[in-house]
Every structure is written in structure tokens, then in C-alpha cells.
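Encoded as C-alpha cells, the structure appears first; notes follow it.
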Amino acid sequence: MRSCSILPAWLAVVLTLLPLIGSEAGSAGRAYAEEKEQQPAIRFTIAVQASEEASLATAETFLRKDWERAWRGAEAKEQTADTVVYTDSFVNVEDSGAVRKYALREDGVLLELGPAPARSVELPAGIRRQWLRQAAKLRKRHYGEAVPWSEAKSQVPLKSYVDVVDLETGLSFRAQRRAGSSHADVQPLTKSDTAVMKQIYGGTWSWKRRAILVRTEGRPPIASSMHGMPHGGDGIPDNDFSGHFCIHFLGSSTHRSGQEDMAHQLMVHKAAGKLQELLRPATPARLADALFVALHQQDGALLRAVLHGAPAPTLEAFGKLMQTIEGVRAESADGSVDFAESLSAEVAVKATLDGRGGGLKRQTFRVKFARDTVSSPWTISGMDM
């Protein structure tokens, strides 16, 4: 006699449903995987540009799974910027159609651009190093070479033709070097070239300096600076430009004084991507001079570079001052005082402000400086007006 076992009713039901449960679980897993695959990839675009507002940028876009995973796992922290940060490197992050733009700090941390408080994002150190390396590669492509005038004058000989590229707008025009022994005296070639140059200056001729690239056939671009005011001798007829304008190179000087023009030299370094290399070792007097150059040139990126590391309210104060003036004529700061062993300094600068509403105002500014150690770079900590 054989014995037979009878399954409990509840167990029979479970065994009957198991294939269905497994099938549904498999379908759910496949659906989740398919949904994950369909999720738009994050696009990371690293860009180098002379200023945050510049239209001309050298950029490269990346689709990296390791960056994406790290980004999705990172936490964005709300923070109020305590100090001024200058950078020429930026990262755009495009996720599901939304784009956020971040400044890439020198430590690889991202700081979102826009109203305060800003969001900062810090990814693993390895990825931050990769971003900084990519930005360094782009920087080499974006900027020109700082060629001393002793060499540049032979690379741009008399009567030679060049392409002038404005680093802010990206606009370019053709020009010819007509004269100049201490720098290049240059003229636009045609009416259309003159029109482009005037467009770069917003439709009004100006003595304001601009960072430019000078391109000659067969050579890397040269970091240079120009102003936009026709003056002096003419030589090209029918180009709508009465006179010439000046292009300065590294170490070039003005014809009248025989001295370097600081505004031009700052713009040459900006066109070479070397502003911080010039400003970090600067003395308080030199930094004060650069500060008033930035105010006079109405150059926000240059102002931020001069104020790099300064308290954030300092940038706000100088930014408001810049908005109220057309320009400023400042006497050179007294550089005879030795602050080599000091951690704080104060420099007096006499200046005349040209107000936007008209009228001149002469006053003395006392610019204050501080640093952590005697080997640290100076930062501007404030100013009494």
C-alpha cells in the first residue's frame, strides 16, 4: 500500500503563483533597466573664455559615465561666497534639458553662477583633476602667446597684414601695420573692417584697452592689446578710418613717454591667459594701480582678477562704483614703502572720477591690503573713500 501526501491548500496556491511572480519580477527588472537606459545622459561642457560674459569660448563636451555617476551622487551645497574668485574656466552641466553653468575654481570645485547664495558642487578629487587638466588644454588653444615686442615687431613687420580677434566678442577684422617703433601703429584695411572694429567698441570710438589676438600667417596667435581711437597719421584711403590705432605687445611702450602702459600690459596678459601670474606677486602699490586700471577700463573680469581672494563685499562695492563712472584718472601709487615683512598695508591713491551723469570728482582713496604670511600674495581687504 503506497502512502500519498496531500499538500496544504495555502502551499499549493503559492506554488501555483510562483511562476507568475517570477515573471512579473523579471518584467519589472527589465522595465527598470530600460527606464534607466532611456534616462538622458548628462553632458559636461568645459569652456575657457576671457570673462564670464565673453562670447568667444573654446569648449569641449564630454559624455562620461564615471562623471555622471559621481554627479548624480553628489550633493549641491548652498553657500554664500566669502571671497572673490577669479577664473577663466567654466563647466556647463546639461541634465534632462536643463543647463546649469558653473565657475571652475582652481581646486576643481564648481561654483554655480547666478544670484547668491550660490550652489557649490565638489566631486571626487580624481574627477576634479581631470576637469582642471582639460581646462589647461583648452586654455592653450584659446589664448595667444605673450611674445616680447623685440620679437613681435619682426613677426609683424611694417606693411604686413594681420587678423585682429577680440577676445570678448569674438569679432575679427583685417588690418595692416603701417608704422611704430615702440609698438605697432595699425589701420583697418577696408570700410567693412572699420565697421567691425567699431562694433567691437559698441559703436563709439574709445581709448579703452581690449585684449586681442594678432594672427599672422603661419604663426601662433600673439597675445596683444589695442585701443579703439583713430588718431595721428593716415595711410590707407577710403577705409572710413581717419588715422591709425595702436596695438601693444609684451613689454612694448608708448611713443611719447617711452614707458610701458600698464593698461595695455594687463590686457596683453589677459590675452595670454596669464593675469594671475602677473598679479599674484604684485606689491600693494602695483595692485592698487591695477585696481584703478580695471575701474577705468570698465573691465569686470580684470576687476575680479585684481580682487581675487578679497572679501566678497569688496567686489560689490567696487562694482557699484564702476557703474557710476565713465572712467577714472589715477596717479600712480607710491611704491617706495617697503611692506616686505608686513601682513597688512595701506596705499593712498589720488584719482579723478568722471561721473556718468557728468562732472569730475577728485578724491583720495586709501586701499587696504592683507595677507596670511609674508610669503602669501597680497589681497585687497577694503578701501576708504
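Residues in region 172-195 that are among the charged types (D, E, K, R) and either in contact with a Leu (Cβ under 8 Å, 6 or more places away or on another chain) or in a strand (DSSP E or B) (or both): R174, R177, R178, D185.
Taking the condition surrounded by fewer than 18 Cβ atoms within 10 Å (Cβ to Cβ), assigned by TED's automatic domain parsing to the domain that holds G233 and either under 23 Å from the mean Cα position of the chain (by Cα) or without any contact (Cβ under 8 Å) to a residue 60 or more places away in the chain (or both), does T190 pass? Here the answer is yes, as T190 does meet what is asked.
Against the test of being within 30 Å of K77 (Cα to Cα), among the polar types (S, T, N, Q), surrounded by 13 or more Cβ atoms within 10 Å (Cβ to Cβ) and more than 18 Å from the chain's Cα centre (by Cα), the options Q130, Q176, Q134, Q155 yield a single qualifying residue, Q130. Given the conditions (1) at pLDDT 95 or above; (2) assigned by TED's automatic domain parsing to the domain that holds A223, report the number of the one that R256 does not fulfil. The one condition R256 does not meet is (1).
Looking for something under 20 Å from L213 (Cα atoms) and out of contact with any strand residue (DSSP E or B) (no Cβ under 7 Å at 6 or more places or on another chain) - is there at least one such residue anywhere in region 306-325? Walk me through how you get there before you give the answer.
Initial filter on region 306-325 (under 20 Å from L213 (Cα atoms)): none.
No, there is no match, as no residue in region 306-325 is under 20 Å from L213 (Cα atoms) and out of contact with any strand residue (DSSP E or B) (no Cβ under 7 Å at 6 or more places or on another chain).
Consider region 204-216 and keep the residues that are touching a Ser or Thr at 6+ places or on another chain (Cβ under 9 Å) and not basic (K, R). The one that is nearest to R141 (Cα to Cα) is L213. For region 338-380, the set of residues classified as surrounded by 13 or more Cβ atoms within 10 Å (Cβ to Cβ), aliphatic (A, V, I, L, M) and within 26 Å of Q297 (Cβ to Cβ) consists of A345, V347, A348, V349, A351, L353, V367, A370, I380, listed by residue number.
Using beta carbons and a limit of 7 Å, which pairs, at least six apart or on different chains, have the first residue in region 50-68 and within 26 Å of Q298 (Cβ to Cβ) and the second one surrounded by fewer than 14 Cβ atoms within 10 Å (Cβ to Cβ) and among the basic types (K, R)? Final answer for the pair search is T58/R141. Reported count of residues in region 125-169, each being outside the structural domain of A47 (by TED's automatic domain parsing), assigned to a helix (DSSP H, G or I) and over 25 Å from L302 (Cβ atoms), is 5.
The values are calculated or read from the model by the stated rules, or taken from the named source; none is laboratory data. If you're wondering where the values come from, they're calculated on a predicted model, not measured in any experiment. Note that we place each Cβ from the backbone using ideal geometry, even for glycine, and neighbour counts take in every protein chain shown.
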